[in-house]
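Single-structure report; data block below.
The values are calculated or read from the model by the stated rules, or taken from the named source; none is laboratory data. Predicted model only: the values in this text are computed from it and were never measured. Cβ coordinates were reconstructed from backbone atoms using ideal geometry, including for glycine residues, and neighbour counts include every protein chain displayed. Note: accessible area is taken over every heavy atom of the protein model, side chains too, but ligands, DNA and RNA are not part of it. Shrake-Rupley method; radii C 1.70, N 1.55, O 1.52, S 1.80 Å.
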Amino acid sequence: MYPETTYEITTLTPQHPTPNPRMLPTEIPPGVQMVTLPGGIRTLAYTPAQAPPAPPIPVAQPIPTWAKTTALLTPTIGGGIAAAGIGLSYAAPGLIAMTDALWATVALIAAAAIGVPMLLRIGRTTAAGKGSTHITQNISATGMFGKANGTINHR
């Protein structure tokens with residue numbers, strides 16, 4: 001049942017004490033360790049290979065508030081800039097027409113500011129040749145709260 005072995009297992013008895021052999025730690029083969037038995041005897045024994053300890057499971061860290069805010073604002077700002085660009089591209093022809101209309105309005109106001117006084121001056125000089133009307137008004141009142149009387153003279 002068991003294969004033949006050339007090793008002999010003996011136990012220490014008080015009748016046959018053997019000197020306590022000492023092994024250097026470098027002489028101990030792999031998989032063998034020095035163990036202390038419940039009776040206090042220290043001996044070499046094969047120990048099952050211990051699996052390395054499992055790495056600690058990473059705990060999910062909460063996302064900082066500034067990162068959430070930035071992540072939410074980024075598409076909003078990008079979308080706003082894109083919408084503004086699209087709106088300006090659609091509005092560009094109208095804006096150009098409005099600037100042309102504003103320049104025309106400025107030219108009209110400038111022409112009116114120069115032209116109207118010139119027309120009035122021309123109209124006065126032609127009317128001055130015919131003669132002008134003079135109106136004289138005399139007003140008099142008696143006392144501080146007296147009734148005022150006046151006369152108007154046309155010439």
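Heavy atoms only, probe 1.4 Å: what % of the accessible area of segment 19-61 goes to carbon and sulfur, would you let me know?
Exposed carbon and sulfur together represent 66 percent of the surface.
Multiply the residue separation of Val106 and Ala82 by 0.36 nm, subtract the distance between their alpha-carbon atoms, and state the gained length in nm to one decimal.
5.3 nm
Checking the a/c ratio against 1.5 first, then a/b against b/c, what shape does the Cα gyration tensor give for segment 38-83?
prolate
What would the Debye formula give as log10 I(q)/I(0) at q = 0.14, 0.16, 0.17, 0.21 Å⁻¹ for the alpha-carbon point model of segment 62-123, no solvent?
Here log10 of I(q) over I(0) equals -0.66, -0.73, -0.76, -0.87.
Evaluate the distance, in nm, between pseudo-label points positioned 7 Å from the Cα of Ala67 and of Met98 along their respective Cα→Cβ axes.
Those two pseudo-labels are separated by 4.4 nm.
What trypsin sites (Lys or Arg not before Pro) does segment 51-140 have in DSSP loop regions with at most 11 other beta carbons within 10 Å?
Answer in residue order: Lys130.
Mind checking the per residue accessible area of segment 45-153 for me, 1.4 Å probe, whole number of Å²?
91
Mean shadow of segment 29-155, computed from the convex hull of its alpha carbons, in nm²?
Quarter of the Cα hull surface area: 33.5 nm².
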